[in-house]
Amino acid sequence: MEDYKFLFKVVLVGNAGVGKTCLVRRFTQGLFPPGQGATIGVDFMIKTVEVDNEKIKLQIWDTAGQERFRSITQSYYRSASALILVYDISCQPTFDCLPDWLREIQEYANSKVLKILVGNKTDREDREVPSAIGEEFAKQHGMYFLETSAKQADNVERLFYEIAAELIEQARQKEVPVRSETSTLANLGNKTSYLSQANCCGGINNLGKDSNNTNNSNNSSNNNSINSIN
Ligand SMILES: Nc1nc2c(ncn2[C@@H]2O[C@H](COP(=O)(O)OP(=O)(O)O)[C@@H](O)[C@H]2O)c(=O)[nH]1
Ligand SMILES: [Mg+2]
């Protein structure tokens, strides 16, 4: 029986080869595809997660080879709750393309979409993009920031659980009933605090600072009972 309170659409974009499919497969299937076998050719995968005793269904959309700009259409971005923009920390050109991706996101996605910048492949020793550069770019563009390795499963669970936690928090804020003029003001207050969070700090951005650690589900910022249920 389907038993979940929220369904969120999470969309991955970024240059071909940065590891989007591997991130999705690591999270949804717990594996790192060998060789060139990463392309799965489906539109999205589903995973149910539990955050704060709430079951949340994540519908995770991966691009199947249409990463060239302008060939991803509006329908892909439409109704996305969160956008994960991925680059490869060992490949500077994938970082240099980020402004192009942001333009596309600006054009097609909902302006309130949660945006997360992900530098993938931290296991590689030939790093070209320092963590601080990625973090600064994210800050400038109102995105959360995290570095991951789909290969070594570093920060991959954390990435998706933090997104689920943030989306659920936003959804709860929207649930606050408007009863009087006072509560309208309270709602505006909530909105302001969300915007300032999205523009600088917040869970994912802070967590990204210890991204060289091995994946550690006991981290202090994230220790409320988070369990995968499939
Ligand atoms: N070393 C390393 N290689 C990775 C990682 N993630 C993906 N790759 C490799 O990068 C290539 C492209 O991955 P893929 O997921 O197909 O990228 P996509 O085109 O963005 O979907 C494949 O050869 C993967 O094995 C990672 O975290 N570390
Ligand atoms: Mg792919």
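The values are calculated or read from the model by the stated rules, or taken from the named source; none is laboratory data. Owing to the predicted nature of the structure, the values given are computational and were not obtained by experimental measurement. With ideal geometry, Cβ positions are generated from the backbone for all residues, glycine too; neighbour counts draw on all protein chains shown.
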Original post:
Of all residues in segment 1-31 being over 22 Å from I105 (Cα atoms) and basic (K, R), which is farthest from ligand 1 (Cβ to nearest atom)?
Top reply: K5
**OP:** Search segment 34-54 for residues being at pLDDT 85 or above and not in a strand (DSSP E or B), and hand back the single one that is farthest from ligand 1 (Cβ to nearest atom).
**Re:** N53
